[in-house]
Amino acid sequence: MVRGQDLIPSGSGTVYGVGVGPGDPELITLKALKRIQAARAVAYPVQKGDSVARAIVAGYLRPGQDEIPIDAPMTGGDAAAPGYDAAVVTIAGYLARGEDVAVLCEGDPLFYGSFIYLLLRLAGRHRVEVVPGVSSLTACAAALALPLVGRDQRLAVMPASGSDRDLRQGFAFADGIALVKVGRHFRRVRALIEALGLGDRAYYVERASQPVQRVLPLAAVDPATATYFAIILVFKETPS
Ligand SMILES: C[S@@+](CC[C@H](N)C(=O)[O-])C[C@H]1O[C@@H](n2cnc3c(N)ncnc32)[C@H](O)[C@@H]1O
């Protein structure tokens, strides 16, 4: 892929895609903190008036720092396009004046991150740097204190929205399996995991690292309480 950063006029500002971790404000990196505090403006996705990413770093923002809320419906795709298009115009204004913008992203920016939609619009035209963050995947394994994968084991990460056929392929291939974006798919994916005989090797982790974190064996979850902000982890084999 052509990045084209060398063609960008010197004196332009930089967009930092900053991972702010899974929720615990102590789980942001030193580099993320420095980039956020040095930026002229911070941008962040907003859903139904709330921004998870901004809430994580609320205590670290400088007074007087400009804020650019991005209207980013959870559905993504076409519905989210106008919000990202508008944000790019605003961000480009800062960059043209030589000012930096930090785009906050929950977890890691490039792991199913909202920053991906901005990156696709900005790359090649503006200077972009990505600051990796602690992802929800590793935060969920940490909450369980169970090895995600070790030695020569294979890991499959799949959205719970995938078809049963696709999910079965992932389960057949991998030793450690993570299903993200659980929410309304909970009943179906739990039934699938049980049908594969893996029900007693599966866990549900909700809002890892946050004060409201829930960690449960999959079988113990009331489906009515299952949320989008959860990952199901399945450990077919414990590494020996
Ligand atoms: C749009 S993706 C964002 C992932 C994020 N960029 C990351 O690196 O963790 C959202 C999904 O990540 C998972 N997720 C995000 N934060 C989580 C948390 N604190 N605990 C458990 N799962 C989380 C959920 O599966 C959720 O549906």
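The values are calculated or read from the model by the stated rules, or taken from the named source; none is laboratory data. Being a predicted model, the structure only gives us computed values, none of them experimental. Quick reminder, even Gly has a Cβ in these numbers, built from the backbone with ideal geometry, and neighbours come from all protein chains shown.
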Across region 129-147, which residue is farthest from residue 181 (Cα to Cα) among those that are in contact (Cβ under 8 Å) with a residue 60 or more places away in the chain and surrounded by fewer than 20 Cβ atoms within 10 Å (Cβ to Cβ)?
129
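Per-residue answers, yes or no, for (1) within 18 Å of residue 41 (Cα to Cα); (2) in contact with a strand residue (DSSP E or B) (Cβ under 8 Å, 6 or more places away or on another chain); (3) assigned to a loop (DSSP other than H, G, I, E, B):
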site	(1), (2), (3)
82	no, yes, no
87	yes, yes, no
92	yes, yes, no
112	no, yes, yes
116	no, no, no
134	no, yes, yes
Only one of these is out of contact with any strand residue (DSSP E or B) (no Cβ under 6 Å at 6 or more places or on another chain), closer than 25 Å to residue 214 by Cα and of a type outside the set (Val, Ile, Thr): 64, 59. Name it.
59
Restricting attention to region 141-161, which residues are more than 13 Å from the ligand (Cβ to nearest atom) and over 12 Å from residue 234 (Cβ atoms)?
145, 147, 150, 151, 152, 153, 154
Return the pair list, or none, for Cβ contacts closer than 6 Å from residues in region 94-121 that are under 19 Å from residue 32 (Cβ atoms) to residues that are part of a helix (DSSP H, G or I) and within 11 Å of the ligand (Cβ to nearest atom), at least 6 apart or on different chains.
103/115; 104/53; 105/53; 105/115; 106/52; 106/53; 107/136; 109/115
Here is a check on your reading of the model: is residue 150 surrounded by fewer than 16 Cβ atoms within 10 Å (Cβ to Cβ), over 20 Å from the mean Cα position of the chain (by Cα) and in contact (Cβ under 8 Å) with a residue 24 or more places away in the chain?
yes
Among the residues of region 181-235, which ones are among the basic types (Lys, Arg) and assigned to a loop (DSSP other than H, G, I, E, B)?
181, 207
Just to check your reading of the model, which residue among 136, 114 is polar (S, T, N, Q) and more than 15 Å from residue 17 (Cα to Cα)?
136
Where a residue in region 204-220 is touching a residue at least 12 places away in the same chain (Cβ under 8 Å) and farther than 14 Å from residue 145 by Cβ and its partner, wherever it lies, is more than 7 Å from the ligand (Cβ to nearest atom) and in a loop (DSSP other than H, G, I, E, B), with Cβ under 6 Å and at least six apart:
204/221; 206/227; 207/213
For residue 138, which of the numbered conditions (1) more than 9 Å from the ligand (Cβ to nearest atom); (2) more than 25 Å from residue 71 (Cα to Cα); (3) β-branched (Val, Ile, Thr) fails to hold?
(1)
Give region 58-80 a look and list any residue that's part of a loop (DSSP other than H, G, I, E, B) and within 16 Å of the ligand (Cβ to nearest atom), or say none.
72, 73, 74, 75, 76
Sole residue being at pLDDT 95 or above and under 30 Å from residue 161 (Cα atoms), chosen from 99, 67, 106, 26
106
Residues in region 37-51 that are surrounded by fewer than 22 Cβ atoms within 10 Å (Cβ to Cβ), outside any loop (DSSP other than H, G, I, E, B) and in contact (Cβ under 8 Å) with a residue 60 or more places away in the chain total 2
Scan region 153-177 for residues that are farther than 20 Å from residue 74 by Cα, surrounded by 16 or more Cβ atoms within 10 Å (Cβ to Cβ) and small (Gly, Ala, Ser) and jot them down.
156, 170, 174, 176
